[in-house]
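Worksheet: the structure to be examined is printed underneath.
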Amino acid sequence: MYTYVPSSFKKGNPVVVALHHCAGTAPGYFHEYPDWPKMADSKGFMLIYASSPGGTGGCWDVSSKASLKHQGGGDSETIVEMVKYAVQKYGCSEKAFVVGHSSGAMLTQVLGTTYPDVFVAGSAYSGVPSGCFSTEKAQGADWNATCTGGTLNESPEYWVQQGKNTFPGYSGDYPRMMLVHGRQDQVINFNDHREAVKQWCGLHDLNPDQPSKKNTLPGESNYEVSVYGPNQVLAISAQGVTHQNPLKIDLTMQFFGI
């Protein structure tokens with residue numbers, strides 16, 4: 001666990017958890033996206049940078065029974081313990097935000113279903129739906145080629161159940177979710193984006209086939225934006241973009257409402 005606490009931070013201000021891709025580290029993610037600490041300086045929120053404990057190529061565990069379960073003892077619970085520690089030590093808000101790329105985006109979505117009582121919103125760049133990577137292994141990261149290959153085409157009800165299985169009995173609201181994916185992603189098939197839209201729209205009782213509005217990003221017509229509900233789900237598909245999916249920090253901040 002690494003933290004960035006700007007001088008502008010005050011007790012009660014938000015905390016944003018930043019999750020790296022496979023083969024990444026917390027310090028590496030910090031240096032990859034220098035606009036994050038600059039934004040924290042400007043907005044007064046604190047950042048938690050987490051490093052994966054290892055596993056398959058330094059990826060996060062988004063596949064085991066432990067991590068795909070509320071208080072199951074996997075990587076998902078470890079991240080939540082970091083948030084709790086930050087609340088105690090720095091006095092940040094108990095309601096957190098999370099952003100991640102690739103494996104970090106997968107964990108972002110897992111955290112949204114396993115700990116919907118902790119996270120207000122998430123922003124996932126090139127990820128997969130929560131539960132998509134499940135391998136039934138007790139603990140530890142694995143790679144799931146069936147999921148990344150984009151061969152799954154399930155119903156919204158299926159994906160909602162996958163999400164709810166991670167926290168049985170939970171009846172509250174789920175976090176808002178921003179999903180950004182390149183149509184030419186060569187690592188995680190773009191179809192996983194469609195499946196994730198089904199899951200998060202379903203968890204918010206929205207129809208994934210009926211966005212409330214669609215538009216393109218100003219000056220970037222290759223980015224198609226679909227808004228569902230008032231702003232519960234923001235789905236962005238990027239034509240000509242590969243797995244190296246550039247982070248849209250301003251747009252992420254706008255979605256978070258920070």
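Bear in mind that the values in this text are calculations on the coordinates, not laboratory data. As the structure is a computational prediction, the values presented were derived from the model and not from experiment. Because the Cβ atoms are built from the backbone with ideal geometry, glycine has one as well, and the counts that use them run over all protein chains shown.
A few comments on the model shown:
- Share antiparallel - DSSP beta bridges, segment 123-230, percent rounded to 5: 60 percent
- Exposure proxy for MET82, MET177: other Cβ atoms within 10 Å of each Cβ, ordered fewest to most, give MET82, MET177.
- Along the axis of the charge dipole computed for segment 111-258 (Cβ charges of +1 for Lys and Arg, -1 for Asp and Glu, origin at the Cα centre), the listed residues THR166, PRO156, GLN239 are led at the positive end by GLN239.
- Spin-label model distance (nm) - SER155 vs THR242, 7 Å beyond Cα toward Cβ: 3.9 nm
- Additional length obtainable on full extension of the chain from TYR90 to LYS65, 0.36 nm per residue less Cα span: 5.8 nm
- Contact order relative to length of segment 1-151, as percent, for alpha carbon pairs under 8 angstrom and 6 or more apart: 28 percent
- Charge sum, other residues only, whose C-beta stays under 12 Å from PRO230's C-beta, Lys/Arg counted +1 and Asp/Glu -1: +2
- Ellipticity at 222 nm from helices only: DSSP H runs of n ≥ 4 in the chain, each -39500 (n - 2.57), divided by the residue count, give -9000 deg cm²/dmol.
- Tail weight of P(r) past 23 Å, computed on alpha-carbon pairs of segment 26-125, percent: 22 percent
- Summed residue charge, Cβ within 12 Å of SER64's Cβ, Lys/Arg positive, Asp/Glu negative: -2
- Normalised by the number of residues in segment 160-216, the average gap of Cα pairs under 8 Å and 6 or more apart makes the relative contact order 35 percent.
- Once the Cα-Cα distance is subtracted from the 0.36 nm per residue extended length, the ASN231 to TRP143 segment shows a gain of 28.5 nm.
- As a length-normalised measure over Cα pairs under 8 Å and 6 or more apart, the relative contact order of segment 1-90 settles at 31 percent.
- Helical segments meeting 15 Å axial Cα length and Kyte-Doolittle -0.5 threshold in the chain (DSSP H): 75-90, 103-114
- Label-point gap, in nm, between VAL187 and LYS214 - each point 7 angstrom along Cα→Cβ: 2.8 nm
- Dipole of the chain, positive end: most advanced residue of MET253, SER130, PRO208 [Cβ charges, Cα centre]: MET253
- Sequentially through segment 234-248, phi angles give Karplus couplings (6.51, -1.76, 1.60; θ = phi - 60°) of 10, 10, 10, 10, 10, 6, x, 9, 9, 5, 7, 8, x, 6, 9 Hz, Gly and Pro residues having no value and appearing as x.
- Choice from ASN165, ASN13, ASN215 showing the highest fluctuation, given a GNM over the chain with Cα pairs closer than 10 Å: ASN215
- Fluctuation leader among VAL15, VAL99, VAL80 - the chain, Gaussian network, Cα springs under 10 angstrom: VAL80
- Kirkwood hydrodynamic radius over Cα pairs of segment 72-190, then Stokes diffusion coefficient at 10 °C and 1.306 mPa s, in µm²/s: 106 µm²/s
- Net charge dipole size for segment 158-241 [Lys, Arg +1 and Asp, Glu -1 on Cβ; Debye, nearest 20]: 80 debye
- Share antiparallel - DSSP beta bridges, the chain, percent rounded to 5: 35 percent
- Of the GluC sites (Glu not before Pro) in segment 54-135, the ones in a loop by DSSP (not H, G, I, E or B) with at most 16 other beta carbons within 10 Å are GLU94.
- Label-to-label distance, nm, for residues given as SER42 and ALA23 (7 Å Cα→Cβ offset): 3.1 nm
- Size of electric dipole in the chain: Cβ of Lys, Arg +1 and of Asp, Glu -1, about Cα centre, debye, nearest 20: 520 debye
- Efficiency of FRET between LYS10 and SER171 - r from beta-carbon atoms, R0 30 angstrom, step 0.05: 0.35
- Value of Rg to Rh for the chain, rounded to two decimals, is 0.93; Kirkwood radius and Rg both from alpha-carbon coordinates.
- Here LYS89, LYS65 are placed in order of increasing Cβ neighbour count within 10 Å, fewest first, which gives LYS89, LYS65.
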